[in-house]
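For reference, the structure is listed below as structure tokens.
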Amino acid sequence: QGHNFSVQALVSYYEAMINRPGRTMILKNAKVPVLFVMGVYDNAAPVKDMLQQCYLPEKSYIHIFQNAGHMSMLEEKEKSNRVIDNFIQ
């Protein structure tokens, strides 16, 4: 299911992402499990790039959505809710 975002909203989003400070140290120092949620069709944060970060936390859980891109919480809402619910249990 596609979503219509204005060009300005997308530009603002990407500018914010590009200009944000790195958070690698937060992942390295995480003392709690970290859930990595990825979408096969994500061009903004490709699975291959995200998988390289999964080793940083002491304990990682990984879920890759087969029918989603960067917005799996909208593209696969029910599945996303189940994945997050299972993680926090």
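No lab work stands behind these numbers, since they all come straight from the coordinates. Note that the coordinates shown come from a computational prediction; the quantities given were computed from them, not determined experimentally. Note that we place each Cβ from the backbone using ideal geometry, even for glycine, and neighbour counts take in every protein chain shown.
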Checklist entry - Can you list residues whose amide H is under 5 Å from V34's amide H, if they're 5+ apart or on another chain and H is modeled 1.01 Å from N? => result K59, S60, Y61
Item to check | Burial ranking of peptide ranges 29-37, 66-74 (average Cβ count within 10 Å, highest at the top) | outcome: 66-74, 29-37
Checklist outcome for this item: Taking a ≥ b ≥ c as the square roots of the eigenvalues of the Cα gyration tensor, with a/c under 1.5 meaning rounded and otherwise prolate when a/b exceeds b/c and oblate if not, the stretch 45-89 is oblate
Next on the checklist: Just checking my list [x] 12.0, 33; [y] 18.9, 63; [z] 14.2, 39 against Rg and Dmax of the Cα atoms in Å computed from this structure; which label fits?
Outcome noted: [z]
